[in-house]
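A.B. asks: Before anything else, here's the structure in question.
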Amino acid sequence: MTASAATQIFGIVNITTDSFSDGGLYLKPEAALSHARDLVSQGAHVLDVGPASSHPDAGDVSPDTEIARLETVWDDLKALGAPLSVDSFQPQTQRWAIAQGANWLNDINGFQDPSLYDELADYRGRLVVMHAVQAKGIATRTASPEGDIWPIIFRFFEQKLEAFERAGIARDKLVLDPGMGFFLGNRAATSLAVLAGLHRLKREFEVPVLVCVSRKSFLRALASPNDTPIAVEQSGSISLAGEIMALEQQVDFIRTHAPAPLAQAIRLRAAISNAGGKAGG
């Protein structure tokens, strides 16, 4: 399979108190801005700004608090010049983001609220529509569905695309995210099956695909000899390995905490592809 020159990197900016990977580190505006600047220098194409955590142990965050956190950094982040994405499932926060000119909305609940659809139809940015086994809210430790997860994922996106089409939301705005980790339940095998089959999602819907495996516990457990997840700060290698598997399936967007290794892998694959083409000619 040839390298995908179009693969774009979403760099994660968590302005939260309790993210599983870096909670509290970037809550202060100056820390968030410095981190965002570093992500861009590493090769991030889009900055994905999360004002609330979504892992199973995260606390509730109101839309007002999300917006207040975003307001402290928004203008400075815009000044960096990279497209901005807002990672929130709260319609009130999404409306704020639209009004501020956000380039992307990233919703782990797949835009459940139909009252927002007229606004999404008029919105000039793009939408990351994520599947999760949870019907609403953040991830939980619910059991993974029995059997093959792919028919469930396909049915979810079939219903979403039909609803969006009825509402006049253009298909070319959409990017599909199958979910990973606890968004697919509590069994690592389910996430591994989805990671191995990302090409199926692209083939089924012919819509761009985004995936995030960065620092996920199912990969951190796989990296450990005793199935106990390794520490987050030790997860760079296994995260990159998962991201390269996504690259092999020509995923269009990869969301990550560490853009530099992924950007290097993308450049290497492109160079190998170009060298192979010249040698073959």
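The values are calculated or read from the model by the stated rules, or taken from the named source; none is laboratory data. Keep in mind it's a predicted model, so treat the numbers as computed, not measured. Every residue, glycine as well, gets a Cβ built from its backbone with ideal geometry; the counts of neighbours run over all protein chains shown. Surface areas here come from the heavy atoms of the whole protein model, side chains and all, with no ligands, DNA or RNA. Shrake-Rupley method; radii C 1.70, N 1.55, O 1.52, S 1.80 Å.
A.B. asks: Taking only the alpha carbons of the stretch 151-281, what extent do you get along each of the three principal axes, in Å, biggest first?
C.D. replies: Between the extreme Cα coordinates on each principal axis of the stretch 151-281 lie 48, 47, 22 Å.
A.B. asks: With only alpha-carbon atoms counted, please give the Rg and Dmax of the stretch 12-154, in Å.
C.D. replies: 15.5, 47
A.B. asks: Shifting gears a bit: Kirkwood Rh and Cα-based Rg: tell me the resulting Rg over Rh for the chain, rounded to two decimals.
C.D. replies: Values: Rg = 18.1 Å, Rh = 19.2 Å.
Using only Cα positions, Rg/Rh for the chain is 0.95.
A.B. asks: Under 5 Å between amide H atoms, partner at least 5 residues away or on a different chain: which partners does ASP107 have, H built in plane at 1.01 Å?
C.D. replies: Amide H neighbours of ASP107: VAL128, MET130.
A.B. asks: Could you state the number of Å between the C-alpha centres of the stretch 90-113 and the stretch 193-271?
C.D. replies: Measuring centre to centre over Cα atoms gives 25 Å.
A.B. asks: Another question, if that's okay. Along the stretch 109-119, what does the Karplus equation 6.51 cos²θ - 1.76 cosθ + 1.60 (θ = phi - 60°) give for ³J(HN,Hα), rounded to whole Hz, x for Gly and Pro?
C.D. replies: These are the phi-based 3J(HN,Hα) values: 9, x, 6, 7, 8, x, 5, 8, 5, 4, 5 Hz.
A.B. asks: Jot down the per residue volume, in cubic angstrom and as a whole number, of the convex hull over the alpha-carbon atoms of the stretch 58-121.
C.D. replies: Taking only Cα atoms, the stretch 58-121 has a hull volume of 95 Å³ per residue.
A.B. asks: Using the 2.2 N^0.38 Å rule of thumb for compact globular proteins, work out how the stretch 88-206 stacks up: its C-alpha Rg over that value, please.
C.D. replies: Values: Rg = 14.4 Å, N = 119, 2.2 N^0.38 = 13.5 Å.
Relative to the rule-of-thumb radius for its length, the stretch 88-206 sits at 1.07.
A.B. asks: Over the stretch 1-141, with the other protein chains present, what is the accessible area per residue in square angstrom, probe 1.4 angstrom?
C.D. replies: Working: 5930 Å² over 141 residues.
Each residue of the stretch 1-141 exposes 42 Å² on average to a 1.4 Å probe.
A.B. asks: On to the next question. What range in the chain is the longest one free of GluC sites (Glu not before Pro) that are in a loop by DSSP and have at most 10 other Cβ atoms within 10 angstrom? If you can, show how the numbers build up before the last one.
C.D. replies: Working: sites that count: GLU146, GLU206.
Here the longest run is 1-145.
A.B. asks: Please state, as a whole number in µm²/s, the translational diffusion coefficient that the Stokes-Einstein equation yields for the stretch 205-281 at 4 °C and 1.567 mPa s, with Rh defined as the Kirkwood radius across alpha carbon pairs. Write down the numbers at each step before the final one.
C.D. replies: Numbers: Rh = 13.7 Å.
Answer from the Stokes-Einstein relation: 94 µm²/s.
A.B. asks: Please give me the summed charge of the neighbours of ASP87: other residues whose Cβ is under 12 Å from its Cβ, Lys and Arg +1, Asp and Glu -1.
C.D. replies: Numbers: positive: ARG69, ARG255; negative: ASP48, GLU66, ASP107, ASP177.
Here the count lands on -2.
A.B. asks: Roughly to the nearest percent, how much of the accessible area of the stretch 1-160 is carbon and sulfur, given a 1.4 Å probe? Mind showing how you got there, number by number?
C.D. replies: Values: 3400 of 6920 Å².
The nonpolar share, carbon plus sulfur, comes to 49 percent.
A.B. asks: Same structure again: Hey, can you list the DSSP H helices of the chain whose Cα span along the axis is 27 Å or longer and whose average Kyte-Doolittle score is at least 0.0? It would help to have the intermediate numbers written out before the result.
C.D. replies: Details: long enough: 259-280 (31 Å, 0.19).
Helices meeting the criterion: 259-280.
A.B. asks: I'd like the antiparallel share, as a percent to the nearest 5, of DSSP beta bridges with both residues in the stretch 17-149. Kindly include the intermediate steps, with their values, before the conclusion.
C.D. replies: Details: 0 of 10 bridges.
For the stretch 17-149, the DSSP antiparallel bridge percentage is about 0.
A.B. asks: Further question on the same structure: With the full set of protein chains in place, find how many percent of the accessible area of the stretch 223-275 is carbon and sulfur; take the probe as 1.4 Å.
C.D. replies: In the stretch 223-275, the share of accessible area belonging to carbon and sulfur is 58 percent.
A.B. asks: Given the -39500 (n - 2.57) contribution per DSSP H run of 4+ residues, what per-residue ellipticity at 222 nm results for the chain, rounded to the nearest 500 deg cm²/dmol? Show your work: numbers first, answer last.
C.D. replies: Working: 10 runs with 122 residues, N = 281.
Dividing the helical sum by the residues of the chain leaves -13500 deg cm²/dmol.
A.B. asks: For ASP113 paired with THR72, estimate the spin-label separation in nm (one decimal), with each label point 7 Å from Cα along the Cα-to-Cβ line.
C.D. replies: Output for this residue pair reads 2.3 nm.
A.B. asks: Straight-line reach from LYS78: which aspartates and glutamates fall under 15 Å, measuring Cα to Cα and dropping same-chain residues less than 8 apart?
C.D. replies: Excluding near neighbours in sequence, the set is GLU30, ASP38, ASP48.
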